[in-house]
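Enquirer: One structure is given below, represented as structure tokens, and several questions about it will come after.
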Amino acid sequence: MQADDTTKLETTLADGRRLTLSLPPTDAGWAAEGIRGLRPVPPTHTGRGEEPPALPERPVLPLEIALLGLGA
């Protein structure tokens with residue numbers, strides 16, 4: 001991570017993509033330190049986790065019934 005400029009933070013993600021966070025100048029007291037007030041937070045989850053269950057199989061509707069639904 002680079003934090004030379006107090007209004008811009010740049011980092012490179014694990015997959016090689018670059019991420020830039022820019023903060024506009026402000027008079028807000030809570031943002032007086034710019035990006036120096038930010039701190040890294042470790043991730044709470046990594047990876048994608050479990051895949052959702054597959055959708056149940058449905059019988060295919062005949063074309064005539066499907067077309068009747070278009071007129072509704």
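The values are calculated or read from the model by the stated rules, or taken from the named source; none is laboratory data. Predicted model, so just to flag it, every value in this text is computed and none were measured. All Cβ positions, even for glycine, are placed from backbone atoms using ideal geometry, and neighbour counts span all protein chains on display.
Enquirer: Across the stretch 47-72, which residue is nearest to Leu13 (Cα to Cα) among those that are charged (D, E, K, R) and at pLDDT below 80?
Expert: Arg58
Enquirer: Still on this model: How many residues are surrounded by 11 or more Cβ atoms within 10 Å (Cβ to Cβ) and outside any helix (DSSP H, G or I) if we restrict to the stretch 33-44? Steps first, please.
Expert: Initially, the stretch 33-44 is screened for residues surrounded by 11 or more Cβ atoms within 10 Å (Cβ to Cβ), giving 34-35, 37-38.
Subsequent filtering for residues that are outside any helix (DSSP H, G or I) retains 38.
Of the residues in that region, 1 qualify.
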